[in-house]
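**Q** Have a look at this one.
The values are calculated or read from the model by the stated rules, or taken from the named source; none is laboratory data. Being a predicted model, the structure only gives us computed values, none of them experimental. Don't worry about glycine lacking a Cβ; one is built from the backbone with ideal geometry, like all the others, and counts go over all protein chains shown. All accessible areas refer to the heavy atoms of the entire protein, side chains included, with ligands and DNA or RNA removed. Shrake-Rupley method; radii C 1.70, N 1.55, O 1.52, S 1.80 Å.
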Amino acid sequence: VYRPKVAYFLETLQLERKSDVSTIVSKYPPTLWLSTRNIQSKLDFLSCELNLSMADLRFMILSYPQVLGLSLEDNLRPKIDYLLADPTTTTTTTTALVEEENIEEVDLVLEEKQQQISDSQEEGNEIITLTTTEEEAAAAMTTTTERVGGGAGLTRDELKEFVLYQPALLAYSLEKRIRPRIGKMTENGIRFSYSPPHLMSMTDVKFNEWLTKQTSTWSIE
């Protein structure tokens, strides 16, 4: 039942020995039940985005086949997009609230307006006109705009070097590790491209020690 998958890896990665397939499977057994279509989509993506040669791709998969288990759209693509993105850019997003769940918020806005009218009338001030336009209701139905910082600013060649040095870079959490660490570096004027290639594998304590040392001496070690 596994012969087609063995043949697939031998041909697709141009492996010379069946033992190489054993290496892939022993490191990441789920490769046996991932569809060839699923695997191929990731191989094609990595080859294209990182400008990998067949030798590079073969090395990556033999070193860290776990990358084949990462979601293309929810994991690999967002990370690579972030690592390649210009660090000086920001993305602005405004998320609309669901009307059924937030109708009380609209009511609160209108209630505050009504209270302003009552207070003005009691104090003899100019009467404030209550308006319930669609624009006002829509404004009350949106969240505060969120601004997300830029990326790591790597070139494709730089990213290729990082990934080939440590393929596991693509497995670290974008939101919990990669983005926060690169964000701290950017705040301190340190480009990720000048950092140690094993930076993401450091513990939080080691990373903070390294960052403190760089910002106090302004030398990358």
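**Q** Count charges around Val67 for me, please; just the other residues with Cβ under 15 Å from its Cβ, Lys/Arg as +1, Asp/Glu as -1. List each step's numbers first, then the result.
**A** Working: positive: Lys27, Lys42, Arg58, Arg77, Lys79, Lys160; negative: Asp44, Glu49, Asp56, Glu73, Asp74.
Surrounding charge for Val67 is +1.
**Q** How would segment 153-204 be classified by its alpha-carbon gyration tensor: rounded, prolate or oblate, with rounded meaning a/c under 1.5 and the a/b versus b/c comparison settling the rest? The partial results should precede the final answer.
**A** Values: a/c = 1.69, a/b = 1.14, b/c = 1.49.
It comes out oblate by the Cα gyration axes.
**Q** Using a cut-off of 15 Å between beta-carbons, work out the net charge of the residues near Ser41 (Lys and Arg +1, Asp and Glu -1, Ser41 not included).
**A** Working: positive: Arg37, Lys42, Arg77; negative: Asp44, Glu49, Glu73, Asp74.
Value of the local net charge: -1.
**Q** Just the accessible area per residue of segment 1-82, please: how many Å² with a 1.4 Å probe?
**A** Values: 4400 Å² over 82 residues.
On a per-residue basis, 54 Å².
**Q** What is the distance in Å between the Cα centres of segment 43-57 and segment 154-221?
**A** 22
**Q** Using DSSP to define loop residues, name the trypsin sites (Lys or Arg not before Pro) in segment 5-90 whose beta-carbon has at most 11 other beta-carbon atoms within 10 Å. Walk me through the numbers before you get to the answer.
**A** On the way: sites: Lys5, Arg17, Lys18, Lys27, Arg37, Lys42, Arg58, Lys79; in loops: Arg17.
Answer in residue order: Arg17.
**Q** Related question: How do Trp210, Trp33 rank by accessible surface area computed with a 1.4 Å probe, from largest to smallest? Please report the intermediate quantities before stating the final value.
**A** Details: Trp210 25, Trp33 180 Å².
If we order Trp210, Trp33 from most to least accessible, we get Trp33, Trp210.
**Q** Grab the beta carbon distance between Glu187 and Asp86, set R0 = 25 Å, and tell me the FRET efficiency rounded to 0.05.
**A** Values: r = 16 Å, r/R0 = 0.63.
The value I calculate is 0.95.
**Q** How far apart, in nm, are two points set 7 Å out from the Cα along the Cα-to-Cβ line at Thr12 and at Asp157?
**A** Result: 3.0 nm between the two label points.
**Q** Tally Lys/Arg at +1 and Asp/Glu at -1 over every other residue whose Cβ is under 13 Å from the Cβ of Thr31; what's the total?
**A** On the way: positive: Lys5, Lys27, Lys42; negative: Asp20.
Taking every other residue near Thr31 into account, the sum is +2.
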